[in-house]
Every structure is written in structure tokens, then in C-alpha cells.
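Okay, structure first, notes after.
The values are calculated or read from the model by the stated rules, or taken from the named source; none is laboratory data. Computed from a prediction, not measured in an experiment: that's the story for all the values here. For neighbour counting, all protein chains shown are included, and Cβ atoms are generated from backbone atoms with ideal geometry for every residue, glycine included. Accessible surface areas use protein heavy atoms only, side chains included; no ligands, DNA or RNA. Shrake-Rupley method; radii C 1.70, N 1.55, O 1.52, S 1.80 Å.
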2 protein chains.
Amino acid sequence: MESKKITIKDIAKVANVSHPTVSMALNNRPGVGEKKRQEIVHIAKQLGYQPNLVAKALVSNRSYTLGLIINNISDQFYTDLAKGVEKAADESGYNIILCTTNDSLNSQKKYLDILQSRGVDGIIISTVSARDPHINFLVKEQFPFVCINRVSLDRSLDNKIDYVILDNYSAGYKGIEHLWKLGHDRIAVITGSLDASNAIASLKGTKDFLLDLQIKMDPKLLREGNYSRKTAYNAAKQLVKLKKPPTAIFAQDDNMALGVREALLDLDLRIPEDIALIGIDNIEMGTLTGIDLTTISQEKYEMGYLGAKILIKTIEKKVPAMVEKIVLAANLIVRKSCGYSQCGYKR
Amino acid sequence: MESKKITIKDIAKVANVSHPTVSMALNNRPGVGEKKRQEIVHIAKQLGYQPNLVAKALVSNRSYTLGLIINNISDQFYTDLAKGVEKAADESGYNIILCTTNDSLNSQKKYLDILQSRGVDGIIISTVSARDPHINFLVKEQFPFVCINRVSLDRSLDNKIDYVILDNYSAGYKGIEHLWKLGHDRIAVITGSLDASNAIASLKGTKDFLLDLQIKMDPKLLREGNYSRKTAYNAAKQLVKLKKPPTAIFAQDDNMALGVREALLDLDLRIPEDIALIGIDNIEMGTLTGIDLTTISQEKYEMGYLGAKILIKTIEKKVPAMVEKIVLAANLIVRKSCGYSQCGYKR
DNA sequence: CTGAAAGCGCTTACAG
DNA sequence: CTGAAAGCGCTTACAG
């Protein structure tokens with residue numbers, strides 16, 4: 001298929017040395033004179049030599065390749081995160097094998113196996129479930145990997161896995177706090193998939209706020225979503241039909257908030273006049289004029305970037321293998337969907 | 001680092017056969033009895049054998065890996081396309097190495113080299129420039145690759161490169177046609193980067209429409225953009241300040257249309273009452289209620305999917321090496337940003 | 001400072 | 001139907 005590629009043996013022949021000498025010269029290892037090295041480098045360039053990274057990977061057990069597992073490449077949340085991973089990888093000379101699971105644990109398991117078979121040096125996984133059965137073996141094998149976005153809640157794994165997550169707890173807390181201060185008493189909450197640690201944490205933050213103020217929440221106002229726009233859309237339509245409908249909705253992710261938004265607008269309800277709306281994540285769509293979604297900002301890019309950095313550090317063992325746990329800040333971003341600028345806080 | 005992996009030699013030892021026999025058994029090749037094969041397969045499973053795909057790739061010169069080169073992973077246009085690629089790759093058992101160039105030709109060249117070094121079986125490239133200097137060598141080496149989204153306009157490459165593109169010409173034609181029929185005479189056009197074939201084609205479609213009707217375009221109303229929201233934002237602000245400002249703006253990509261939209265809204269201009277706005281691509285953001293961007297729909301997902309399919313077919317040579325050229329349809333999607341529902345066509 | 005040997009994990013071709 | 005040999009392109013020891 002391809003015209004035959006130049007190998008170090010071809011270079012060796014021209015340079016009149018053995019091929020291991022070529023290897024050492026090209027890799028700047030000691031054991032070959034400076035003059036000869038330059039000559040070899042020159043010949044390599046002239047012949048248009050490109051190292052065969054597959055062979056290199058086989059012999060060195062280092063591929064300079066990282067696996068990245070995300071849920072959905074159409075979801076801005078995951079692409080922001082992927083962008084950070086890409087950046088960190090690029091800075092250190094790694095390439096990314098991208099795997100998307102589309103919410104399937106089976107698919108995740110499949111990719112975990114494939115990535116190992118492909119000899120990646122490490123894996124960045126953003127999709128683990130709270131009781132994920134598939135990462136134990138990575139821990140046992142001491143295969144380098146880092147969890148971002150979601151972590152396992154399995155106690156036996158405590159202190160064994162590097163992670164970088166967002167402060168979902170604070171996000172859940174701050175979101176409901178904002179709505180409550182604006183005077184809302186009937187606040188509906190649409191959570192993420194409750195088998196994911198981030199959704200669990202957000203909900204806990206929300207509940208703790210209510211607990212702190214000794215407020216009881218109407219269970220009818222609590223809905224489990226799955227971070228998809230569609231389910232949030234449907235949930236919102238149901239919430240509005242309640243005998244005592246909510247005056248505010250806290251969708252615990254901007255994608256869901258946008259789904260809620262569509263539902264409310266379809267029903268000719270005004271945001272925030274009829275129903276206030278807040279999300280979490282601060283994705284780009286929410287920033288558009290006319291959307292103006294109030295939300296809790298999360299450092300998605302940084303999460304990907306730091307996750308990859310930590311993984312690379314682990315792989316390159318520049319540092320004693322200390323487990324790193326990082327939680328990135330969550331901050332309220334006030335736009336127009338809650339009505340703060342019109343009314344201000346009432347309590 | 002990892003606990004030692006099981007290899008075919010380990011299996012061979014247990015099964016009391018030679019390791020090539022194990023290889024043949026596991027790969028369902030003739031030359032090993034059915035009973036023995038099943039025994040070997042069983043042992044492999046028990047030992048938790050995972051083939052080393054790196055070694056396999058080295059010896060077979062087939063990695064079941066594809067390189068995908070896109071501009072920007074934060075851009076919905078490219079992620080839609082990547083989603084199609086992913087799907088096709090997954091269906092045929094390939095994985096994707098993702099490379100993002102961020103509009104840099106140097107970066108593109110770098111990734112082209114790296115991908116070959118990494119032994120990918122083929123490359124899907126969505127970022128070639130009209131006079132791209134870096135793909136000739138792929139053609140010369142007969143390295144399998146397919147252009148999507150953009151093609152080279154170099155005549156010497158005609159009929160040598162598979163491609164799947166969108167019908168940008170029609171998009172450019174239909175966009176201005178819609179505005180013209182609505183009664184607009186001063187229509188501004190913000191093009192994509194004019195070193196890219198898709199931008200060139202869109203602009204040609206637009207110009208041809210005007211030519212067909214023998215309409216002269218005020219050159220002040222033509223702006224070169226670069227598919228980024230920011231430049232379009234700035235261009236729009238300038239256009240509006242013109243002595244004779246346009247009554248409609250045709251941004252030849254939805255990202256730019258959204259930039260224009262922000263600019264107009266910042267200036268308290270209404271869309272479409274004060275200025276009509278149309279884009280190209282039909283990205284998701286334009287579909288949100290309140291954005292309601294009229295646009296020309298492009299089959300981005302299909303483009304990625306078909307591109308990858310064609311590439312895989314080429315790689316697997318299931319078909320005589322006929323060059324495939326596919327142009328996907330462009331259709332007008334009427335929403336609210338041009339005012340059609342209020343006024344209808346005037347001519 | 002240099003060369004020849006061995007090996008990474010696999011597959012292909014060639015004897016028995 | 002099975003085994004032993006050779007080799008993919010590279011690197012890492014180990015002699016001289």
C-alpha cells in the first residue's frame with residue numbers, strides 16, 4: 001500500500017554504522033560521537049525518516065498515547081473537558097484516543113479493555129458510575145488512570161485513585177440558595193443521573209441547604225433526570241401541571257436547564273416572571289443573549305487539563321506516587337433567568 | 001508498572017502447544033483442529049488474555065486506528081462531524097486518534113506526520129486549505145485518506161482524492177435567494193476564511209445568484225470572516241455603522257451568525273425587524289427558542305459518517321480503488337431571524 | 001566509542 | 001494438522 005518507509009536500517013546502511021548506533025544517535029543517547037551523531041541526524045533528515053512509533057511502543061512499553069473516555073461528543077460539557085485534556089496532552093507530546101460511551105457501562109468496559117490492548121500509557125475517564133464495577137481491575141493492576149468529573153463512591157477505593165472533580169456539592173448548595181434568597185418557596189429540583197457521583201453530590205448540597213434552614217421540600221418537586229435535555233423537558237412539563245406548581249426550577253446541569261427552558265417557553269410561560277430557572281455548568285449556550293441562563297460556573301476545561309497533567313505526572317513518575325484529589329470551585333453566575341436584576345434578594 | 005500481561009506464549013505453555021498455534025487458534029485461521037482451538041480459546045479466556053494490539057499492528061501493518069483532524073473541538077460543527085466519524089469507525093472496529101489544529105497549517109502538518117508514524121490505517125482530514133501544500137505527499141505515497149468539509153482546489157490533484165463535502169455552493173445561493181425574495185436589496189455577506197474551499201464555494205453561490213439576476217453588490221457589504229464568532233461580531237458592528245447600512249446579513253456559517261446576532265442585540269437592533277439574519281450549517285445553538293436562527297441545513301454528521309466509511313472501504317480494499325466524491329445536500333431551514341412568517345416573500 | 005546479539009508480542013511462511 | 005524459524009522496526013544490554 002504505502003511506498004516502503006525509511007527505517008533505521010536504511011540510515012545505518014548509508015551512514016556505514018550498525019542500526020543500534022543510529023537509534024542511539026537519533027535518541028541523543030550517550031555512546032556515539034558528536035560528529036557521527038550529526039552525520040546520522042543529517043542523513044535521517046535527507047531520507048525523510050519518520051520513526052515507527054508502533055515499534056517504539058512495543059519495545060519501550062510507552063506509546064505516548066492517552067485514552068480519553070467521555071459520554072457524548074455532542075455535549076459541550078464533555079468537549080470543553082476534552083479540550084483541556086487535549087491541551088495538556090499536546091504540551092507533553094501525547095496523543096489522544098477518543099472513546100465515547102453514550103452512557104453505556106458496557107461500552108465503557110469495552111473501551112477500557114481496548115485502550116489497554118492498544119498500549120495507552122494511561123486513561124482519563126469521565127464516566128465512572130458511583131459503584132463502577134470496571135475500575136477495580138485498573139487499581140489492582142496499578143494501571144495509570146485518573147477519574148475526572150465523576151468518581152467511584154466505593155469506600156474500598158478511597159485514597160487509591162487520582163481524581164479531579166468539580167465542586168458539585170457547592171453548586172447544589174449555591175443554586176438553591178440563590179433561588180431561596182430571591183423569595184422562592186416552591187423550588188423544583190431536577191437532578192442528574194443518581195448513579196453518578198456528581199449528581200449525588202449536587203443533590204446533597206441542595207438538601208443540606210434546606211436542612212440548614214430547616215425547610216421541608218415537597219417530594220413531588222424532586223425529579224431524577226439524566227443530564228439530557230429531553231428528560232428535563234418532559235420533567236418540566238409534568239412539574240408545571242402539578243396542583244401546586246413550582247415557582248422556580250433548579251436543573252442541576254445546563255443541558256437540562258435548556259430542556260426546561262424549551263418546555264416552559266412552549267407553554268408560554270415567561271422566565272423568570274412566571275418561573276425562575278437556574279442550571280449548573282455554565283456551558284456556552286447559556287451565555288447567548290436571549291438565553292441568559294443563570295447558572296453555577298464549573299471549570300470544565302481546567303478539570304480536563306489538570307486531570308491529564310496529573311496522569312502524565314503519574315506515568316512519568318516524576319513525583320512519588322501520591323494520590324491527588326482536586327476539587328474545583330463552583331461560582332454563581334447571575335444572568336437573567338432568575339430575575340435577580342429586577343427584584344434583588346428578598347431574604 | 002503493570003503486573004505482567006498474559007501473552008500467547010503463556011497460553012501456549014498451558015495448552016502444551018507452540019505459540020504460533022495459539023495465534024492461529026485465536027484468529028480463527030485454518031491449520032489447527034477444532035478441539036484444540038476450543039481448548040486454547042478456553043485457556044485464553046481463563047487467563048484473561050488481552051491481545052497486544054501494538055505488536056499486532058507492527059507485524060501486520062494494520063492498526064485498526066484512524067486519525068481525525070479537526071479544527072476545534074469546542075466548535076459544534078466539528079463535533080457533529082466527529083460524531084459521525086466515531087460512529088462509522090466503531091461499526092468497523094476502528095478507534096480514533098483525535099487531532100485538533102486550531103486553524104494552524106503547521107499544526108496540521110505536524111499531526112499528519114505523527115499519525116503516519118503512529119501507524120494509523122488512514123486519515124480523515126477536515127481542515128485542508130484550498131492550496132494545501134501538505135497533502136501532496138499523502139497522494140504520492142498512496143496513503144489512505146479522505147477529505148471532508150474542505151478539499152484542495154489544486155487541479156493536479158483532481159480525481160485523486162476521495163472527499164465528502166457539503167453543498168456550500170447551494171448554501172450560498174439559497175441563503176441570498178431567501179433574503180432577496182423577502183425584499184432585501186442591501187444584503188451584507190460575511191464569508192468564511194477564503195483560503196478554504198467551503199468558504200470559496202459559498203461565496204461563489206452567493207455571487208452567482210446575484211449574477212443570475214444581474215444585481216450589483218456594494219463591495220462595502222462584503223466581508224471576509226474566518227468562521228469565528230468574534231470576527232463576525234466585529235464585522236457586524238462595522239457594517240451597521242456604514243452610511244448605507246445593510247437591511248440583512250448573510251453570515252456564511254452559524255457560528256458567525258451568532259456573533260452577528262450578539263453584535264446587533266448589543267446595539268439594540270431587532271432581528272429581523274431592523275436587520276434580517278441568516279446563517280449556514282444548522283448547528284444546535286441556532287435551534288433554541290429565542291435564537292430561532294434561519295439557516296441552511298448541512299448534513300454534518302452524515303459527512304463524517306460517510307467520510308469514515310469510504311476511508312475504511314479504501315483501507316480494506318473491498319472495492320476497486322475508485323475515487324469517491326460526494327456532495328451532500330443543503331436545504332433552507334426557515335425560522336424567525338429573517339421574518340418570513342411575518343411578511344412572506346415579496347418577490 | 002562502536003558492533004553484534006537478544007528481545008518486545010505477535011504473524012506468516014515453510015518444513016515435517 | 002502441528003512445530004520451529006524468521007521477521008515487523010525498534011531499544012537495551014553486553015562485549016570488544
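For a quick check of your reading of the filter: which chymotrypsin sites (Phe, Trp or Tyr not before Pro) in the range B:253-346 sit in a DSSP loop and have no more than 15 other Cβ atoms within 10 Å?
Passing both the DSSP loop test and the Cβ count: B:TYR345.
Quick one: angle between helix A:168-181 and the longest Cα principal axis of chain A, in degrees between 0 and 90, rounded to 10, please.
Relative to chain A, helix A:168-181 is tipped by roughly 30 degrees.
Calculate how steeply helix B:34-47 sits against the longest principal axis of the alpha-carbon atoms of chain B, using the helix alpha-carbon long axis, and give the answer as 0 to 90 degrees to the nearest 10.
70
Tell me, what is the per residue accessible area of chain A in Å², probe radius 1.4 Å?
That works out to 45 Å² for each residue.
For chain B, what proportion of DSSP beta bridges, expressed in % and rounded to the nearest 5, is antiparallel?
Of all bridge pairs located within chain B, approximately 10 percent are antiparallel.
For chain A, what relative contact order do you get, as a whole percent, if you take Cα pairs closer than 8 Å and at least 6 residues apart?
Once divided by the residue count of chain A, the mean separation gives 18 percent.
Where the label is 7 Å out from Cα toward Cβ, how close does A:LYS35 come to the same position in every other copy, in nm, shortest first?
Here A:LYS35 shows inter-copy label distances of 6.9 nm.
As a test of the definition: which semi-axes, in Å, follow for chain B when you take the square root of five times each eigenvalue of its alpha carbon gyration tensor? Largest first, please.
The equivalent ellipsoid of chain B has semi-axes of 51, 20, 17 Å.
Give me the log10 of I(q) over I(0) for the range B:8-51 at q = 0.14, 0.18 Å⁻¹, as the Debye formula computes it from C-alpha points; what are the numbers?
Here log10 of I(q) over I(0) equals -0.23, -0.39.
Of the accessible area of the range A:8-51, with the probe set at 1.4 angstrom, what percent is carbon plus sulfur?
51
Do the alpha carbons of any pairs in A:LYS346/B:LYS230; A:LYS109/A:LYS300; A:LYS45/A:LYS87; A:LYS45/B:LYS313; A:LYS313/B:LYS313 sit beyond 30 Å of each other, and which pairs?
A:LYS346/B:LYS230; A:LYS45/B:LYS313; A:LYS313/B:LYS313
In terms of the Cα gyration tensor, with a ≥ b ≥ c the square roots of its eigenvalues, is the protein assembly as shown rounded because a/c is under 1.5, prolate because a/b exceeds b/c, or oblate?
It is oblate, given that a/c is not under 1.5 and a/b is not larger than b/c.
Given a 10 angstrom Cα cut-off, can you work out which residue in B:ASN95, B:ASN282, B:ASN136 is the most mobile in a GNM of chain B?
Per the Cα network of chain B with a 10 Å cutoff, B:ASN136 tops the list.
Quick one: what are the phi-derived ³J(HN,Hα) couplings along the range A:217-223, Karplus 6.51/-1.76/1.60 with θ = phi - 60°, whole Hz, x for glycine and proline?
Along the range A:217-223, the couplings run 9, 5, x, 5, 8, 9, 10 Hz.
Need the per-residue list for the range B:134-183: every residue with at least 50 Å² less accessible surface in the complex of protein chains than in the chain by itself, probe 1.4 Å, sorted by number.
The answer is B:GLU141 - residues whose exposure falls by at least 50 Å² when every protein chain is included.
Normalised by the number of residues in the range B:121-191, what is the relative contact order in percent for Cα pairs under 8 Å and 6+ residues apart?
27
Note every residue of the range B:56-98 with a reduction of at least 30 square angstrom in accessible area, all protein chains present versus the isolated chain, computed with a 1.4 Å probe, or write none.
Those are B:LEU58, B:ILE73, B:SER74, B:GLN76, B:THR79, B:LYS83, B:GLU86, B:ASP90, B:ASN95, B:ILE96, B:ILE97, B:LEU98, which lose 30 Å² or more relative to the chain on its own.
Near the amide H of A:LEU277, under 5 Å away, which other amide H atoms are found, from residues 5 or more places off or on another chain, if H is placed in the peptide plane?
Here the answer is A:ILE249, A:CYS338, since their amide H atoms fall under 5 Å of that of A:LEU277.
To one decimal in nm, how far is A:LYS325 from the same spot in the other copies, if labels go 7 Å from Cα toward Cβ? Please give the shortest first.
6.1
Between the range B:80-98 and the range B:298-312, what's the alpha-carbon centroid distance in Å?
Here the answer is 9 Å between Cα centres.
If we hang a label 7 Å off Cα along the beta carbon direction at A:SER18, how far is it from the matching labels on the other copies, in nm, shortest first?
Inter-copy label distances (nm, one decimal, shortest first): 2.8.
Pick out which of B:ASP266, B:ASP292, B:ASP254 has the largest mean-square fluctuation in a Gaussian network model of chain B, springs linking Cα atoms closer than 10 Å.
Top of the fluctuation ranking is B:ASP266.
Where in the range A:275-289 does accessible area fall by at least 30 Å² between the isolated chain and the complete protein assembly, at a 1.4 Å probe radius?
A:GLU284, A:MET285, A:LEU288, A:THR289
Provide the net charge surrounding B:VAL41, with neighbours chosen by a C-beta distance below 12 Å and charges set as Lys +1, Arg +1, Asp -1, Glu -1.
+2
Could you tally the net charge around B:TYR227, taking each other residue with its Cβ under 12 Å from the Cβ of B:TYR227, Lys/Arg +1 and Asp/Glu -1?
-4
Quick one: if you stick a label point 7 Å off each Cα along the C-beta vector at A:PHE137 and A:LYS110, how many nm between them?
Label-label distance for A:PHE137 and A:LYS110, simple model: 1.6 nm.
Quickly work out the A:GLN238-to-B:GLN50 label distance, labels modelled 7 Å from Cα along the C-beta direction, and quote it in nm with one decimal.
My value for the distance between the label points is 3.9 nm.
For the interface of chains B and A, what total accessible area is buried with a 1.4 Å probe, rounded to the nearest 100 Å²?
5100
Work out the charge dipole of the range A:180-317 with +1 on the Cβ of Lys and Arg and -1 on the Cβ of Asp and Glu about the Cα centre, then indicate which of A:GLY290, A:SER202, A:ASN255 is farthest towards its positive end.
A:SER202
Residue by residue through the range A:57-66, what is 3J(HN,Hα) from phi via Karplus (6.51 cos²θ - 1.76 cosθ + 1.60, θ = phi - 60°)? Round to whole Hz and write x for glycine and proline.
5, 4, 7, 9, 6, 9, 9, 6, 9, 10
Using alpha carbons only, how many angstrom separate the centre of the range B:167-239 from the centre of the range B:19-33?
61
What is the sum of charges, Lys and Arg at +1 and Asp and Glu at -1, for the other residues whose Cβ falls under 11 Å from the Cβ of B:LYS83?
Result for the local shell: -3.
To the nearest 500 deg cm²/dmol, what mean residue ellipticity at 222 nm is calculated for chain B from DSSP H runs of n ≥ 4 alone, each contributing -39,500 (n - 2.57), summed and divided by the residues?
-13000 deg cm²/dmol
Pull up all non-local amide H partners of A:LYS325: gap of 5 or more, or a different chain, and H-to-H distance under 5 Å with H placed in the peptide plane.
Those lying under 5 Å, H to H, from A:LYS325 are A:TYR163.
Of all GluC sites (Glu not before Pro) in the range B:247-346, which ones are in loop regions per DSSP and have a Cβ with at most 10 other Cβ atoms within 10 Å?
In loop regions of the range B:247-346 (DSSP not H, G, I, E or B), the sparsely surrounded GluC sites (Glu not before Pro) are B:GLU273.
Among A:LYS300, A:LYS207, A:LYS317, determine the one that fluctuates most according to a GNM of chain A built with springs between C-alpha atoms less than 10 Å apart.
Among A:LYS300, A:LYS207, A:LYS317, the largest GNM mean-square fluctuation belongs to A:LYS317.
How long is the gain from A:ARG270 to A:GLU91 if the chain were fully straight, where each residue apart is worth 0.36 nm and the alpha carbon distance is subtracted?
59.8 nm
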